[in-house]
Amino acid sequence: MKQDISKIADKISYIQNTLSVVNGKWKLPILLSMYSGISRFRDLQRNIPNITTRVLSKELKDLEGNKLIVRIVHDTYPVSIEYKLTPHSHSLTPLVDEMIKWGKQYKEK
């Protein structure tokens, strides 16, 4: 019985780890927008309804801190900044796809 409890505790811990990275109202919409090819701050803001500049900036920093995106500063005038997905972020694709599928089914009920 205790072994089963420890396995459940491990699973809970893994879920909590995942949620600590993608939890919140904005992280997944940002990633989904980036999966579709959007890479610039203003384009992300235009593509995600109701996200503020401040919130987008904070969420991008969080995603960068979790190594899901990288911030690339181009040495141009004016300076241009781009955000790119890391290979690590692509490991979330199956999870995001399943969440979309589940959300669609849930909404239809």
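The values are calculated or read from the model by the stated rules, or taken from the named source; none is laboratory data. Note that the structure is predicted; figures quoted are calculated from it, not measured. We place every Cβ from the backbone using ideal geometry, glycine too, and count neighbours over all the protein chains shown.
A few comments on the model shown:
- Near pairs, Cβ below 6 angstrom, 6+ apart or cross-chain, from segment 79-99 (under 11 Å from Leu28 (Cβ atoms)) to any residue that is among the charged types (D, E, K, R): none
- Only one of the listed residues (Ile69, Ile38, Ile51) is out of contact with any Cys (no Cβ under 8 Å at 6 or more places or on another chain), surrounded by 17 or more Cβ atoms within 10 Å (Cβ to Cβ) and either farther than 19 Å from Val21 by Cα or of a type in the set (S, T, N, Q) (or both). That residue is Ile38.
- When the residues of segment 66-88 are filtered to those that are among the charged types (D, E, K, R) and not in a loop (DSSP other than H, G, I, E, B), the one that is farthest from Met34 (Cα to Cα) is Arg71.
- Identity of the residue in segment 81-109, farther than 20 Å from Asp43 by Cβ and of a type in the set (A, V, I, L, M, F, W, C), that ends up surrounded by the fewest Cβ atoms within 10 Å (Cβ to Cβ): Trp102
- Residue list for segment 23-65, restricted to those being in a helix (DSSP H, G or I), of a type in the set (D, E, K, R) and without any contact (Cβ under 8 Å) to a residue 24 or more places away in the chain: Arg42, Asp43, Arg46, Arg54, Lys58, Lys61, Glu64
- Restricting Ile100, Ile51 to those that are modelled with pLDDT of 95 or more and of a type in the set (A, V, I, L, M) reduces the list to Ile51.
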